[in-house]
Amino acid sequence: MIRSSLDMFMELKAIDPNFVDAWGKPAVVSEENIKNLINKMGHDTSDETQLQNHYHEQERLHWLSLLPPVTVAQQADSYIIDICLPIDFVTDALIYQITTEDKKQIKQNIVATDFDLVAVNEISEIEFQCYQVALKVDLPQGYHLLEVFEKGNEEALTSMSFIITPSACFTPKAMQEGKKIWGSSVQLYCIKSENNWGIGDFSDLKVLLQKTADHGGDFIGLNPIHALFPAQPNNASPYSPSSRKWLNVLYTDLTNVAEFKSDQALQSTVNSPEFNDKLSSLRDSQWVDYQGVTELKLAILRTLFSTLNKGDKNTEKRLSAFNEYVALKGDALLQQAAYDALQFKFLAEDESLWGWPVWPEAFHAYQSEASQTWIEDNKQEVLFWCYCQWVTELQLEEADQLAKSLGMTLGIYRDLAVGVGKGSSEIWANHSVYCEEISVGAPPDILGPLGQSWGLPPMSPDQLYKSAYQPFIELLQSNMSHCGALRIDHVMALLRLWWVPDNATAEAGAYIYYPVQDLLNLLALESQRNQCLVIGEDLGTVPEGIDVLLEEAGVYSYKVFFFEQADDGGYISPAHYKNQAMAALSTHDMPTIKGYWHCDDLYLGKELGLYPDAEALAVLMENRVYCKQQILNSLHGHDSLPVAYNRDATQTGMDQTLNFALQTHLAKGTSALLSLQLEDFLEMEVPVNVPGTSDEYRNWQRKLSHNIEQIFDNEQIKTLLDNLTTARNEAVK
């Protein structure tokens, strides 16, 4: 293939073969890998003519569109828009009309002097000229419609979405004034309690919020609480969901649903010895029994839905509220509900029909005639799954209201996964938005020496732009609801994503770039509207300059202590962390503090075959010993450990003194936010997730070692929490 053709196509699709790897070395994606990626995007790289034709067709469509589908701009006194016009229109009197989000209309003439010619092109013997036009108009922030008319003609020549945004994301006033806050993070499903049904729920979350606030904490950080696959309970990764717009219904505390409280017969069933035996078995397990929990909860949810639909005066008001919810949420809710219903239907017929890719072809899309007919014929079943979402969202809202009533600075801190699974409802309902033969992941880095492919098809930058970013906007709106902060997993996705073709290994991918400034502006708009602070998980292979963009956009960085090393190998003092950041000791993708210190993650990695050879493991082991010594040196150097505490890492095991000293040491730092894991309060060893594994390890199943009621009754832990609050208060000075 002629290089110029390939280069043109790569530019069109924002493919960059050059990047700097996690170790700071320049890397280049091979031409073979680039071609393979393009093939999986649906274009034949062996046919140069086809590539050229596609390129020129996209160019032609650009000129014929007159206006782009969307323009996103930070609020200002004037705005520059691009407009392409046939030469015959250039001398005509034109009018632009802006219909604001609140339905106000602004009209102005576009006079000849407003046009700044920037390009000329000829399509089908018609000359088009592209202009930049300065619009001097006072616009509120929000989602507006801009249309262009010929004077005297009531039909618009063209239109576009015109989105006006703030310049930066929201930060609470207390933090703007210098308050340093702390909170704990937890995988919600891991929580053990005296009352839950074998999986953490939103009532457990309320307890955590209350107890944390009592000890001076300001937030609880959660794993993604996205909708998973009730028909396939063991597909439990919160980072590979069915939909990021809806919730995991297993987090509902069924005993706290209004229908349960009014159903005496159901209460008797749940209080029976037989039922309590089931609950005890689910609660006592070291690992979450997703199959058992799901079967139990769905059976009760169906009874609750029947109670709602009795049609008596006791349920009339409640049923009316449910119907209002269904109407308000519209087609997006029906998509999720219908998918859950259909997945149960097909799996009941054939266990191999796990998701839409293997369903009968007529059902491969939500919009298909077969799907719509089935939905119409099975309204009550679809409404049942709408009900599951409703009661779950109500309980999340209650938890959020509790956090606010407690005066917590952030309260609930949610997590937005980077994508959805291939067999997800989100793709089933939005095929055009996703590149389905590609997975996002990461090139080889410290956490994943072989690279990572997460099995999550990426959104197409082209389709996002053509849809005026609506899928992205809806994601933000859903995930900024009922919380005070949102963590964006792999925040570099706003700039670029590592795309891995389905037929290739993780290292054989390439970076695809996204319109980062537009996405950051949209993030700022929804952040301010929802009063939701934004934290960007910026670990791994981080391109130069993205840190500046994120900081200017008001996005808080993510500083993990174990990665914050200076050039000489020593650990950077938390006193030197930047303010606009959240500090943490560990994450869900890393070992616990105790596991790290005892190298349990490295031994487990060896057992699971995660390292290319013995030499790679030996290097990691040697580095770990060195890092542990540097950590001890740093803690002693900052007087964070007793003077008499052992200074030789090779002779020092992880004990409570060292564990709690590490956490308090980080609390003294200058980052505005501090997040510590509940499992580290409990000095646990077993990780919740091992990156790069699926069936090799029981990811996303490990529970906490103690009930949450016991955690906050533990005197040593209570002292730790009080010390964290004191350290945070002193860090302000």
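All of the numbers you see were taken from the coordinates with simple rules; none came from a lab. These figures come from a predicted structure and were not determined experimentally. Note that each Cβ is placed from the backbone with ideal geometry, even for glycine, and that neighbours are counted across all protein chains shown.
What order do you get for 586-592, 449-455, 628-634 when each peptide is scored by the mean count of other beta carbon atoms within 10 Å, highest first?
Top to bottom by mean Cβ count within 10 Å: 586-592, 449-455, 628-634.
Express the relative contact order of region 76-165 as a whole percentage, based on alpha carbon pairs under 8 Å and six or more residues apart in sequence. Display every interim value, and only then the final one.
On the way: 173 pairs, mean separation 30.6, N = 90.
After rounding, I find 34 percent.
What lysines sit close enough to K104 to cross-link, taking a C-alpha to C-alpha distance under 22 Å and skipping anything fewer than 8 places away on the same chain?
Within reach: K136, K151.
What share of the DSSP beta bridges in the chain is antiparallel, in percent to the nearest 5?
Among the beta bridges of the chain, antiparallel pairing accounts for roughly 65 percent.
Ordered by packing density, taken as the mean number of other Cβ atoms within 10 Å over each peptide's residues, highest first, how do 350-362, 231-243, 556-568 rank?
Ranked from most to least packed, the peptides come out as 231-243, 556-568, 350-362.
Run the paramagnetic zone check for Y626: 7 angstrom along Cα to Cβ, then residues of region 586-616 with backbone nitrogen under 20 Å.
In region 586-616, the label zone of Y626 (backbone N under 20 Å from the point 7 Å along Cα→Cβ) covers 596-603, 611-616.
Between Q477 and D600, how high is the FRET efficiency from 1/(1 + (r/R0)^6) when r is the Cβ-Cβ distance and R₀ = 51 Å? Nearest 0.05.
E(calc), rounded to 0.05, equals 0.80.
Of the peptides 475-482, 314-321, how do they stack up when ordered by the mean number of other Cβ atoms within 10 Å, highest first?
Ranking the peptides 475-482, 314-321 by packing returns 475-482, 314-321.
From Cα coordinates alone, what are the radius of gyration and Dmax values for the chain in angstrom?
Here Rg and the maximum Cα pair distance are 27.4, 88 Å.
Can you give me the C-alpha center-to-center distance between region 580-605 and region 137-199, rounded to a whole angstrom?
Between the Cα centres of region 580-605 and region 137-199 lies a distance of 32 Å.
Using 0.36 nm per residue of separation minus the Cα-Cα distance, give me the extension gain between N633 and D502 in nm, one decimal.
Working it through step by step, the gained length comes to 42.6 nm.
Hey, what do the phi angles of region 694-708 turn into as Karplus ³J(HN,Hα) couplings, whole Hz, using 6.51/-1.76/1.60 and θ = phi - 60°, x for Gly and Pro?
The phi angles translate into 10, 7, 5, 9, 7, 5, 6, 10, 5, 8, 5, 7, 9, 5, 5 Hz.
How tilted is helix 656-667 with respect to the longest principal axis of the chain? Cα atoms for both, answer in degrees (0 to 90, nearest 10).
30
Using the reciprocal of the averaged 1/r over all distinct C-alpha pairs, how large is the Kirkwood radius of region 76-165 in Å?
Numbers: mean 1/r = 0.0723 Å⁻¹.
Hydrodynamic radius (Kirkwood, Cα only) of region 76-165 equals 13.8 Å.
On a full-extension model of 0.36 nm per residue, what is the gain between S78 and D377, subtracting their alpha-carbon distance, rounded to one decimal in nm?
Full extension from S78 to D377 adds 102.4 nm.
Helix 202-214: angle to the longest alpha-carbon principal axis of the chain, degrees 0 to 90, nearest 10?
With rounding to tens, the tilt is 70 degrees.
Among G451, I631, T373, whose Cα lies farthest out toward the positive end of the dipole of the chain, if unit charges sit on the beta carbon of Lys, Arg (+1) and Asp, Glu (-1)?
I631
Relative to a virtual label point 7 Å from the Cα of D312 in the Cα→beta-carbon direction, which members of region 267-283 show backbone nitrogen distances below 17 Å?
Only 267-269 pass the distance filter.
How many nm is it between the label spots at T726 and V111, if each spot is 7 Å from the Cα in line with the beta carbon?
Label at T726, label at V111, 7.1 nm between them.
Against the empirical 2.2 N^0.38 Å scaling, what ratio does the C-alpha Rg of region 227-408 come to?
1.09
If you stretched the chain out fully between D462 and N39, how much longer would it get, using 0.36 nm times the residue separation minus the C-alpha to C-alpha distance?
Answer, rounded to one decimal: 150.6 nm.
Can you pull out the chymotrypsin sites (Phe, Trp or Tyr not before Pro) in region 21-99 whose DSSP state is coil and whose Cβ has at most 10 other Cβ atoms within 10 Å?
W23
Just want to confirm a number: the relative contact order over region 326-474, from Cα pairs under 8 angstrom separated by 6+ residues, in percent.
Relative contact order here is 18 percent.
Under a plain spin-label model, where a point goes 7 Å from the Cα along Cα-to-Cβ, how far apart in nm are T99 and Q517?
Here the answer is 2.9 nm between the modelled labels.
Okay, helix-only estimate at 222 nm for the chain: each DSSP H run of n ≥ 4 adds -39500 (n - 2.57), divide by all residues, round to 500 deg cm²/dmol; what do you get?
-12000 deg cm²/dmol
Can you tell me the 0 to 90 degree angle between the C-alpha axis of helix 3-12 and the longest principal axis of the chain, rounded to 10?
70
Between K173 and A614, how many nm apart are label points set 7 Å from Cα along the C-beta direction?
About 6.5 nm, to one decimal.
Taking only C-alpha pairs under 8 Å that are 6+ residues apart, what is the relative contact order of the chain in percent?
16
What is the log10 of I(q)/I(0) for region 109-241, computed with the Debye formula using one identical point scatterer on each Cα and no solvent, at q = 0.12 Å⁻¹?
-0.78
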